[in-house]
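The values are calculated or read from the model by the stated rules, or taken from the named source; none is laboratory data. A quick note: this is a predicted structure, and the numbers were derived from the prediction, not measured. Cβ placement follows ideal geometry from the backbone for every residue including glycine, while neighbour counts extend to all protein chains displayed. With ligands, DNA and RNA removed, areas are computed over all heavy atoms of the protein, side chains included. Shrake-Rupley method; radii C 1.70, N 1.55, O 1.52, S 1.80 Å.
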Amino acid sequence: MSSSDEALNARHNEKAKKRQAARAKIMADKTQEKGLLIVHTGKGKGKSTAAFGLVARAIGHGMKIGIVQFIKGSWATGEKAVYAAFPGQVEHKVMGEGFTWDTQDRERDIAWARQGWEEMLRMVRDPAYDMVLADELNIVLRYEYLPVEEVVAGLSERPPMKHVIVTGRNAPDALIEAADLVTEMVQVKHPFRSGVKAQKGIEF
């Protein structure tokens with residue numbers, strides 16, 4: 001090894017030690033554990049996908065999960081098949097008949113949203129569930145199928161260690177304010193705009 005390589009390695013190692021020390025200092029006071037209210041919103045792709053990733057991680061830890069899908073009712077999704085392999089660990093409820101522009105019936109959409117919310121609230125209140133995912137609940141709130149105040153109040157009833165994930169565009173301010181973790185997906189580029197349709201394993 002040349003002297004210049006040795007010097008480069010020495011600088012690298014010194015920087016790594018400083019980063020390690022800084023990280024340890026940051027982590028020293030992070031001792032609290034609590035159930036998180038997590039919101040995935042924004043116009044970019046990946047809100048539900050990221051939430052399903054959290055569900056997969058929780059499955060790996062043996063946690064019990066409840067899932068309510070509010071909008072994508074008519075889709076034969078890949079995740080639905082996966083969750084069926086964990087019948088005692090994952091309860092997956094599909095509520096609705098598809099996207100609102102397909103149903104074209106506001107009263108039916110509201111009725112399905114109400115049923116979905118009752119199922120979700122049951123899971124939120126039940127201490128047996130470690131994590132609850134409300135997929136596309138933000139869409140329901142955006143179209144005022146459910147009162148935001150009622151939903152935020154209901155989510156506040158969760159047990160202290162329960163995680164709840166809410167996905168969908170246009171998360172309301174009240175939900176963002178109540179959340180512990182909010183991620184906004186930003187669309188930079190999407191194949192749909194180039195004529196590529198939704199595909200298995202990517203969109204569903």
Quick one: which helices (runs of 4 or more DSSP H) lie wholly within segment 1-96 and hold at least 1 residues that are of a type in the set (S, T, N, Q) and closer than 24 Å to residue 163 by Cα?
47-60
Flag for residue 112 being under 18 Å from the mean Cα position of the chain (by Cα), assigned to a helix (DSSP H, G or I), surrounded by 15 or more Cβ atoms within 10 Å (Cβ to Cβ) and of a type in the set (Phe, Trp, Tyr):
no
All but one of (1) β-branched (Val, Ile, Thr); (2) at pLDDT 95 or above; (3) out of contact with any Gly (no Cβ under 7 Å at 6 or more places or on another chain) hold for residue 124; which doesn't?
(3)
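Rundown of residues vs (1) in contact with a strand residue (DSSP E or B) (Cβ under 7 Å, 6 or more places away or on another chain); (2) within 20 Å of residue 42 (Cα to Cα); (3) open to solvent by 20 Å² or more (accessible area, probe 1.4 Å), yes/no style:
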| residue | (1), (2), (3) |
| --- | --- |
| 120 | yes, no, no |
| 125 | no, no, yes |
| 140 | no, yes, no |
| 143 | no, yes, yes |
| 163 | yes, no, yes |
Selected residue [modelled with pLDDT of 90 or more, of a type outside the set (Gly, Ala, Ser), under 20 Å from the mean Cα position of the chain (by Cα) and open to solvent by 50 Å² or more (accessible area, probe 1.4 Å)] from 80, 34, 47:
34
Answer yes or no: is there a residue in segment 156-164 that is in a helix (DSSP H, G or I) and touching a residue at least 12 places away in the same chain (Cβ under 8 Å).
no
Among the residues of segment 184-204, is any in contact with a helix residue (DSSP H, G or I) (Cβ under 9 Å, 6 or more places away or on another chain), assigned to a helix (DSSP H, G or I) and either open to solvent by 60 Å² or more (accessible area, probe 1.4 Å) or modelled with pLDDT under 95 (or both)?
no
Which residue out of 68, 55 is within 20 Å of residue 122 (Cβ to Cβ), in contact with a Lys or Arg (Cβ under 6 Å, 6 or more places away or on another chain) and open to solvent by less than 40 Å² (accessible area, probe 1.4 Å)?
68
